[in-house]
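Input: a single structure, listed below in structure tokens.
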Amino acid sequence: MPEMIPYIVRPGDYLTRIAARRGFDAQDVWQHERNASLRERRPNPEVLEAGDILYIPDQEPPRKALTTGSSNRFSVQLPRVTVDVALTGSDGQPLANARYWVDGEEAGTTDGEGKVAVEVRPTQSSVSLRVEGSPDVYLLRLAHLDPVSTDAGVRQRLTNLRYLPEDGSLVGEEEQAEALRQFQQRSGLETTGAPNDETRERLVSEHGS
């Protein structure tokens, strides 16, 4: 493998997206000894925080020759990333066994718990999702989830689980603490209002990532 150089993770980055853009094998790079400390802090390589340092191969992107005076055609095979989503209606009940559409095309049926698995390309930043029986169109922003070890990651998961309003970044400390107490009480945890390790683990479990 070429020499490894530091890459500063940017907002919206995750391992598969960086690998597709830079042309390296994601798992080989993730398991490299230079990334051992990052693996320890970020168990899920698809949930990184802006500012993290990922060591990647120091290599030029692959180049293709062009023939002048004629047409040139190239094809690229990009990996797919699966995004698991649990959908509920305004009444809090799962949108179960319902047809759903991704970016306007019918893609399948939700399961008995309202869950779907959406395959996306790592170059995509969002997809739209519509479910039969619901007037809402859900816009799924991809790769904008911070690690649960950060305050932002806790807020984002509480927001997605509907313990905080849609723009959870604007809530105050007490409102977030109350949301955490509600989550802890519902989950059978000690209601401290603080994001201890057990609460963070349960947030990841309930949220799915």
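Of Ala107, Leu87, Asn72, which is farthest towards the positive pole of the stretch 49-111's charge dipole, taken about the Cα centre with +1 and -1 on the beta-carbons of Lys, Arg and Asp, Glu respectively?
About the Cα centre, the residue reaching furthest to the positive side is Asn72.
FRET efficiency for Thr191 and Arg63, Cβ-Cβ distance as r, R0 = 45 Å, nearest 0.05? Can you show the working numbers first?
Numbers: r = 58 Å, r/R0 = 1.30.
It comes out at approximately 0.15.
Give the long-range amide H neighbours of Thr88: residues separated by 5 or more places, or on another chain, with amide H under 5 Å away, using H modelled in the peptide plane at 1.01 Å from N.
Leu95
Evaluated at 4 °C with a viscosity of 1.567 mPa s, what Stokes-Einstein diffusion coefficient in µm²/s does the stretch 4-57 have when Rh comes from the Kirkwood expression over alpha-carbon pairs?
Values: Rh = 10.8 Å.
Answer, rounded: 120 µm²/s.
Relative to the longest principal Cα axis of the chain, at what angle does helix 151-160 sit, 0 to 90 degrees, rounded to 10?
Computed tilt is about 70 degrees.
Taking the Cα centroid of the stretch 73-112 and of the stretch 1-31, what is the distance between the two, rounded to the nearest whole Å?
Taking the Cα centre of the stretch 1-31 as reference, the centre of the stretch 73-112 is 27 Å away.
What does the charge dipole of the stretch 151-207 about its Cα centre add up to, to the nearest 20 debye, if the Cβ of each Lys and Arg holds +1 and the Cβ of each Asp and Glu holds -1? It would help to have the intermediate numbers written out before the result.
Details: 7 positive and 12 negative charges, 46 e Å.
So the dipole magnitude of the stretch 151-207 works out to roughly 220 debye.
Starting from the stretch 105-201, pick out the GluC sites (Glu not before Pro) whose DSSP state is loop and whose Cβ has at most 14 other Cβ atoms within 10 Å.
Working: sites: Glu105, Glu106, Glu113, Glu119, Glu132, Glu166, Glu173, Glu174, Glu175, Glu178, Glu190, Glu198, Glu201; in loops: Glu113, Glu132, Glu166, Glu190.
Sparse-neighbourhood loop GluC sites (Glu not before Pro): Glu113, Glu132, Glu166, Glu190.
Could you give the length gained on full extension between Gln31 and Glu166, defined as 0.36 nm per residue of separation minus the Cα-Cα distance, in nm? Walk me through the intermediate numbers first.
Values: separation 135, 0.36 × 135 = 48.60 nm, distance 3.62 nm.
Gain in length upon complete extension: 45.0 nm.
Calculate how steeply helix 197-207 sits against the longest principal axis of the alpha-carbon atoms of the chain, using the helix alpha-carbon long axis, and give the answer as 0 to 90 degrees to the nearest 10.
The angle comes out at about 80 degrees.
Quick query: amide H of Tyr55 versus all other amide H atoms, modeled in the peptide plane; which residues come in under 5 Å with a sequence gap of 5 or more or a different chain?
Amide H neighbours of Tyr55: Tyr7.
Given axes a ≥ b ≥ c from the Cα gyration tensor, I'd like to know whether the chain is rounded (a/c under 1.5), prolate (a/b larger than b/c) or oblate. Before the final figure, lay out the partial values.
Details: a/c = 2.66, a/b = 1.37, b/c = 1.94.
Taking the square roots of the gyration eigenvalues as a ≥ b ≥ c, the chain is oblate.
Placing one identical point scatterer on every Cα of the stretch 81-141 and ignoring solvent, what is log10 I(q)/I(0) from the Debye formula at q = 0.11, 0.13, 0.28 Å⁻¹?
Log-scaled intensity ratios, in q order: -0.21, -0.29, -1.31.
Using the Karplus curve 6.51 cos²θ - 1.76 cosθ + 1.60 with θ = phi - 60°, what ³J(HN,Hα) values do you get for each residue of the stretch 15-25, in whole Hz, with x for Gly and Pro?
4, 4, 5, 4, 5, 5, 6, 9, x, 10, 7
Quick note: the coordinates plus some simple rules give every number you see, no bench work behind them. Not measured: the values here are computed from a predicted model. Positions of Cβ are generated from backbone atoms using ideal geometry, with glycine treated the same way; all protein chains shown enter the neighbour counts.
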